[in-house]
């Protein structure tokens with residue numbers, strides 16, 4: 001069973017973003033850049049999922065936000081966050097995968113690093129703006145609006 005856990009990899013785009021996040025956090029003097037990058041990419045995955053969930057809810061006419069986060073309460077959010085955290089842990093951290101990711105992209109020149117930083121900035125900007133778009137989508141199926 002552990003063999004497939006060691007072999008599973010994130011798509012190259014996400015590995016590159018993870019590497020760029022590690023490079024950024026190393027530059028800030030972070031003691032554990034891989035773990036900080038893991039937390040950040042987990043948050044962006046959660047934001048993407050919430051946006052897609054609410055977009056699907058608008059299309060089919062169900063207010064998922066109210067259903068899962070209003071009626072069930074905050075206690076049910078914890079398993080939801082653990083699933084995304086565990087998934088990112090398996091993809092980027094388990095069995096020192098972050099070291100392999102770093103070795104994969106370590107030979108970048110300065111121009112490639114600059115472009116990688118621009119890509120990461122755009123990715124983070126879009127990811128965090130999805131939260132506001134998600135809140136806007138909530139108003140479509142909410143009877144209070």
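Cα centroid separation, the stretch 74-102 to the stretch 1-24: 11 Å.
Return the FRET efficiency for the residue pair residue 30, residue 129: r is the Cβ-Cβ distance, R0 is 22 Å, and the value is rounded to the nearest 0.05. Step by step, r from the Cβ atoms, then E = 0.35.
So what's the angle, to the nearest 10 degrees on a 0 to 90 scale, between helix 33-60 and the longest Cα principal axis of the chain? Orientation of helix 33-60: about 30 degrees from the principal axis.
Once the Cα atoms are used to define both axes, helix 77-88 deviates from the longest principal axis of the chain by about 30 degrees. The calculated P(r) of the stretch 7-145, using every Cα pair and 10 Å bins from 0, goes 11, 35, 29, 18, 6, 0 in percent.
FYI, it's all coordinate maths here, none of it is from the lab. Being a predicted model, the structure only gives us computed values, none of them experimental. Cβ atoms come from the backbone with ideal geometry, glycine included; neighbour counts cover every protein chain shown.
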